[in-house]
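Q: Have a look at this one before I ask anything.
The values are calculated or read from the model by the stated rules, or taken from the named source; none is laboratory data. Keep in mind the model is a prediction, meaning the values are calculated, not measured. Here the Cβ is made from the backbone with ideal geometry for all residues, glycine too, and neighbour counts use every protein chain on show. The area values use the complete protein model at the heavy-atom level, side chains included, leaving out ligands, DNA and RNA. Shrake-Rupley method; radii C 1.70, N 1.55, O 1.52, S 1.80 Å.
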Amino acid sequence: MCTTQSASHDLQEEVIKGFVREIEMMAKLRHPNILEFVCASLEPPEICVVTAFMDRGSMNDVIHKDRPSWDLKIRMAKEVRSTYGPSSRVMWL
């Protein structure tokens, strides 16, 4: 049982570390087509990210509900790549 608790604790720490890395990256991103990061809470159980309001919904909504053309999707991906580079950790598209 101690091993399970330890593994669970280690996993939780890894998840939080990954979340912090994500927050740090989001806080640095500045572009008209990138959702603006506002703040985050790391106090369990209220672990969350607050972003600017998106009147068209999430990127998932835009891609799957609005059904943009493949041409638009490719242009969006190329713009992200040209802005942040091919080695960027931006993986939204």
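Q: If a residue has to be under 14 Å from the mean Cα position of the chain (by Cα) and of a type in the set (Lys, Arg) to count, how many in the range 44-59 make the cut?
A: 0
Q: While we're here: Answer yes or no as to whether residue 32 is under 21 Å from residue 81 (Cβ atoms), at pLDDT below 85, assigned to a loop (DSSP other than H, G, I, E, B) and open to solvent by 80 Å² or more (accessible area, probe 1.4 Å).
A: Numbers: under 21 Å from residue 81 (Cβ atoms): yes; at pLDDT below 85: yes; assigned to a loop (DSSP other than H, G, I, E, B): yes; open to solvent by 80 Å² or more (accessible area, probe 1.4 Å): yes.
The answer is yes for residue 32.
Q: Further, regarding this structure: Quick test of your reading of the structure: residue 66 fulfils all but one of (1) modelled with pLDDT under 75; (2) over 17 Å from residue 20 (Cα atoms). Name the failing condition by number.
A: (1) is the only condition that residue 66 fails.
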